[in-house]
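Engineer: Please read through the structure below; I'll follow up with questions.
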Amino acid sequence: MKSILILLGVLVTHLAVAGSEVHEKVLDNGLKVLMKPDHRAPIVTSQVWYKVGSSYEHGGLTGISHVLEHMMFKGTKRLAPGEFSRIIAEHGGRENAFTGRDYTAYYQTLAKDRLAIAFELEAERMRNLTLPEEEFAKELEVVKEERRLRTEDDPESLTFEQFNATAYEASPYRIPIIGRASDLEHLKVGDLRAWYRRWYAPNNATLVVVGDLEPEAVFLLAEKHFGPLKPERILPPKVRGEPVQRGEKRLRVKAPAKEPYLILGYKATALGHAEPAWEPYALELLAAVLDGGSSARFSRELVRGTRVAASASAGYDAFSRLPGLFLIDGTPAQGRTLEALEQAFRAQVERVQREPVAASELARIRTQVVAHKVYEQDSVFYQAMQLGRLETVGLGWPLVDQYVTQLSRITPEQIRAVARKYLVADRLTVALLEPQPLDGKQNGKRDGKRDGKQPRSKAAGGPGHAH
């Protein structure tokens, strides 16, 4: 126990030393620029985050944010289709984009003396996209095929999509990032043009730069390239609050699959919505108690112990624009049933409600979480990701420096309190995938790309669909 506490202290100290001050400037057109110097390597990452994603959409237009992300590479007034990516590659950089529920983001990582190139190209497509009809038609087919491969032919993704639509009654988090098939079928380039004009403006974006440069140099470049862009009148999306759930929900999904699959989702809170404010941090640690690596309870007791599960995970995302779910999912071991796995999951939930987590177990888990944050500081990309995401969902980038401190204050009793408050039947939705004959289909196993769902054994809320 003493050695764990010493290691935790070393990690927190290392995190403080490795971090550097974030500098902020807001241009006259409303673009917020965040710059964090990191001089350990002569590289820089540049990211533009737009406050729009699938949770901004509505029926008839689902998937439009993701389609627009694809079209951002298909030509502007000055750039031919594909030229953006070609220029970045010629200068030795790498670039891509991703769409989530609450954001759409674009990034480039290059040598530090190439930042002006990234700014020039990104500023060009912020307001000058041409959206040619023929490119739209081709890219829409790409997205439709992506949906077929990643959702309709992937039984776990299909189950999760239907689970979301059942768990959420009104929240826009019920909308799949990839979009619904019928909406994609009827999407028009005119819809895309209106969506682009409405949301892609400097006053609805955050530019994040992390790397081997000084803040003033970055701000001058940002002013030169982004400063002339005109802002847009941005009306925030109408609030679509989730009503109180009044009982457990259950659904069964029948689809061609090689193995059964189970999801339990409890309605939870999020930072900015929680009262008291410490609850999301306690839920983060609760997820780690259950699924924080090979020594956590699910792996130790359900996979290796009773062998009721072939796989088992828990995830929770505190950093979202709207309240979400505390998720538990898994696949039963060979010869074991979905019912047996569900019973085992419920028993684990009852245990954390009944017994406070031991101080030694909590210390080990907290050390793992802090270590993960330390390792993220080794990447300029993930440092920028943290800043951009927090700013875009409305929590503010300064929360980056408070996260570890807040986690260190959570007690075993607080973890038990959130388990008792949120992991209850009236907040629960259960989905069961019942495998059907494959009939020649090759899919049926997870590929790590489930739409909008957190990676196994990690907190929820990572990037959604990438370009």
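FYI, it's all coordinate maths here, none of it is from the lab. On a predicted model such as this, the values are computed, not experimentally measured, just so you know. Neighbour counts are summed over all protein chains in view; Cβ atoms, including those assigned to glycine, are modelled from backbone coordinates with ideal geometry.
Engineer: Residue by residue through the stretch 48-55, what is 3J(HN,Hα) from phi via Karplus (6.51 cos²θ - 1.76 cosθ + 1.60, θ = phi - 60°)? Round to whole Hz and write x for glycine and proline.
Structural biologist: 10, 10, 9, 7, 6, x, 5, 6
Engineer: Okay, moving on. Which of 51/254; 138/267; 32/373; 144/238 have a Cα-Cα distance over 30 Å?
Structural biologist: Listed pairs above 30 Å: 51/254; 138/267.
Engineer: While we're looking at this one, here's another question. Arrange the peptides 367-374, 143-150 so that the one whose residues have, on average, the most other Cβ atoms within 10 Å appears first.
Structural biologist: So the order, starting with the most tightly packed, is 367-374, 143-150.
Engineer: Further question: If packing is taken as the average count of other Cβ atoms within 10 Å, what order do 337-347, 253-263 fall into, highest mean first?
Structural biologist: By packing density, highest mean first, the sequence is 253-263, 337-347.
Engineer: Which whole-Hz couplings ³J(HN,Hα) result when phi for each residue of the stretch 410-425 is put into the Karplus expression 6.51 cos²θ - 1.76 cosθ + 1.60, θ = phi - 60°, listed in order with x for Gly and Pro?
Structural biologist: Coupling constants for the stretch 410-425: 6, 9, x, 5, 5, 5, 5, 5, 6, 5, 6, 7, 9, 8, 10, 4 Hz.
Engineer: Under a Cβ-only charge scheme (Lys and Arg +1, Asp and Glu -1), can you give me the dipole magnitude of the chain about the Cα centre, in debye to the nearest 20?
Structural biologist: That gives a dipole near 960 debye.
Engineer: While we're looking at this one, here's another question. Provide the FRET efficiency to the nearest 0.05 for the residue 411-residue 111 pair, computing r from the beta carbons and using R0 = 45 Å.
Structural biologist: According to the calculation, E is roughly 0.45.
Engineer: Provide, for q = 0.12, 0.15, 0.25 Å⁻¹, the log10 of I(q)/I(0) from a solvent-free Debye sum over equal Cα point scatterers in the stretch 266-362.
Structural biologist: Per q value, in the given order, log10 I(q)/I(0) is -0.40, -0.61, -1.29.
Engineer: Could you work out the pair-distance distribution P(r) of the chain from its alpha-carbon pairs, with 20 angstrom bin width and percents rounded to whole numbers?
Structural biologist: 24, 55, 21, 0
Engineer: Can you list the trypsin sites (Lys or Arg not before Pro) in the stretch 283-337 that are in a DSSP coil and have 16 or fewer other beta carbons within 10 angstrom?
Structural biologist: 304, 307
Engineer: Okay, moving on. Tell me whether the stretch 21-226 comes out rounded, prolate or oblate; compute the Cα gyration tensor, take square roots of the eigenvalues as a ≥ b ≥ c, and use a/c under 1.5 as the rounded threshold.
Structural biologist: Verdict is prolate for the stretch 21-226.
Engineer: Can you give the local net charge around residue 332? Use residues other than it whose beta-carbon is closer than 13 angstrom to its beta-carbon, Lys and Arg +1, Asp and Glu -1.
Structural biologist: That works out to -2.
Engineer: Further, regarding this structure: Enter the mean projected area of the convex hull around the alpha-carbon atoms of the stretch 187-276, in nm², rounded to one decimal.
Structural biologist: Here the figure is 13.5 nm², rounded to one decimal.
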